[in-house]
Amino acid sequence: MSRSLAWVTPFGPASDISAFSHNLLREFHRVAETLDATITVFVNANGPSYWTPLPTVALTGTGTDIEMLLGFDFVVFNIGNNIANHAHINRLALQVPGVVIVHDLVMHGALAAMLRLGATKAETRADIYTLLIGDRYGARGLDTVAQSRLCMSAGSALYTPWDSSAATEMPLIEPFVESCAALVVHSAHAEAMVRLPVETKMLRLALPWDQKPSLSDAQWDEWSRRTAEARRCAIVCIGYIGRTKCLDQMVLAFAGSEHLRGSATLLIAGHPDDREYVA
């Protein structure tokens, strides 16, 4: 009997995870007859979407999404910490039993956004966040929240824990792990970091450690020689421009070093996810 599978994913050029799904779904369509299975793509839309010959449904963020997903034999969620690309997916992954593919180990900021922390100071939502942190990380987590003054009166927060180094110590991936039917991770590092309930299965993908062509020893030696002799170098930071990368500290360090200013250039290239921080 043919099995039905729902693949829940971002699916446009605004997300690299979309490209992952696009390639996988294209291959699935090619071999679908041999698998005796059907697949429907549920898209967390964020701008233009890729095309696929497979049936496609746009997530609405309403109860209708849950009703449709419960009709499938298997549901696979591609979770991630970018709210624009994953907001509906993350919420559904906490409500519907399914296989969760972990694209980001740190989901702290995503859950904070789901609770609208930062957008509103609604006391109940801050309380939910505090209970979540305390349940997962105990006194250490509660101390971090207290020191941030996040749950004090509006406008009194000193910092937001998910935009600090605390995010890596308190990733809040646990709620997704605890509620999934099975988990898929990308690396041995992720496999070691995630603590699954005993009965839950985990699959680590056999991804190449480096998909770029490697330089030969001679090329590395030549690069090292030329770099050491160069009078100037370029320091480049690529990726989302967010507080967790501490780019503001790097800019200050660069500005405060006469040696760096005289011998290097600094380029920050990426999406300005937090315009206040960029300013």
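Largest first, what is the accessible-area ranking of Asp221, Asp65 with a 1.4 Å probe?
If we order Asp221, Asp65 from most to least accessible, we get Asp221, Asp65.
Quickly estimate the mean residue ellipticity at 222 nm for the chain, helices only: each DSSP H run with n ≥ 4 gives -39500 (n - 2.57), and the total goes over all residues, rounded to 500.
Helix contribution divided over all residues of the chain: -12500 deg cm²/dmol.
Using Cα-Cα distances under 8 Å and only pairs 6 or more residues apart, what relative contact order does the range 71-116 have, in percent?
Relative contact order here is 46 percent.
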Quiz prompt | Correct choice for percent of Cα pairs over 25 Å apart that was computed from the model, options (i) 62; (ii) 57; (iii) 49 | solution = (ii)
Self-check item: Per residue accessible area in Å² of the range 1-118, where ligands, DNA and RNA are left out and the probe is 1.4 Å
Solution: 47 Å²
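Rounded to a whole number, what % of the accessible area of the chain do carbon and sulfur atoms account for, probe 1.4 Å?
57 percent
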Exercise. Find how many whole Å separate the alpha carbon centroid of the range 36-95 from the alpha carbon centroid of the range 230-279.
Key: 36 Å
Quiz item: Can you give the alpha-carbon Rg of the range 158-279 over 2.2 N^0.38 Å, where N counts its residues?
Solution: 1.48
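With N denoting the number of residues in the range 1-153, provide Rg(C-alpha) divided by 2.2 N^0.38 Å, to two decimal places.
1.21
When only DSSP loop residues count, what chymotrypsin sites (Phe, Trp or Tyr not before Pro) in the range 41-116 have their Cβ near at most 12 other Cβ atoms within 10 Å? Write out the running numbers ahead of the final one.
On the way: sites: Phe42, Tyr50, Trp51, Phe72, Phe74, Phe77; in loops: Tyr50, Trp51, Phe72.
Here the sparse-neighbourhood loop sites are Trp51.
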Quiz prompt | Mean separation of Cα contacts under 8 Å (6+ apart) over length of the chain, as relative contact order % | solution = 13 percent
Quiz item: Which value, in Å² and to the nearest 10, is the accessible area of Cys151 when all protein chains are kept and the probe is 1.4 Å?
Solution: 60 Å²
Quiz item: Over the range 1-140, what is the mean sequence separation of C-alpha contacts under 8 Å (at least six apart), divided by residue count, expressed as relative contact order in percent?
Solution: 23 percent
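The values are calculated or read from the model by the stated rules, or taken from the named source; none is laboratory data. Quick caveat, the model's predicted, so the values are computed rather than measured. Note: ideal-geometry Cβ built from the backbone for every residue, glycine included; neighbour counts use all protein chains shown. These accessible areas exclude ligands, DNA and RNA; they are computed on the full protein's heavy atoms, side chains included. Shrake-Rupley method; radii C 1.70, N 1.55, O 1.52, S 1.80 Å.
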